[in-house]
Amino acid sequence: MRRMSVAVKKGINPKAESRKCAARFWRLFPHLLLCLSLVAYAALGALLFQRIEGGSDSSTEQEYDEFLGQIVSTVQNLTDNSSISHQYIVKQVALKMRHGFKSIWLQRPDRWDFFGSMFFCCTVFTTVGKSAR
């Protein structure tokens, strides 16, 4: 007794089946390539942002601590004087904040690890190109 393959039993032409398989592959390949390109682009961008934003050791933390110390000193000195009102203290602190505060102190290089940078890159992917109506 001779065994026949399933394809022969069902009357499937191997060449036709091979063409169908190749057609499916080429229909799917551009989409897979696009997805892989986005993943590679995001990973490269994440490495770049991690290096640029996260790799900076600066004296901003020390400056910030000194600034906070000045604010605390101002509040302590003004509260020692019982004739000064609460509103005056708030105005003095607000004045110091307006003239001495640097926005760079809010940036934290430790947030720019690889996954934080990857999140930023993916956020940029999904928002670029959307228009407001």
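No lab work stands behind these numbers, since they all come straight from the coordinates. As the structure is a computational prediction, the values presented were derived from the model and not from experiment. Cβ sites come from the backbone with ideal geometry, for glycine too, and all protein chains shown count toward neighbours.
Figure legend: label point modelled 7 angstrom from the Cα of residue 67 along Cα→Cβ; residues of the range 88-102 with amide N under 17 Å from it are 92-102. If R0 is taken as 35 Å, the Cβ-Cβ distance between residue 108 and residue 82 corresponds to a FRET efficiency of 0.35. Candidate cross-link partners of residue 91 among the aspartates and glutamates, defined by an alpha-carbon separation under 19 Å and a same-chain spacing of 8 or more, comprise 80.
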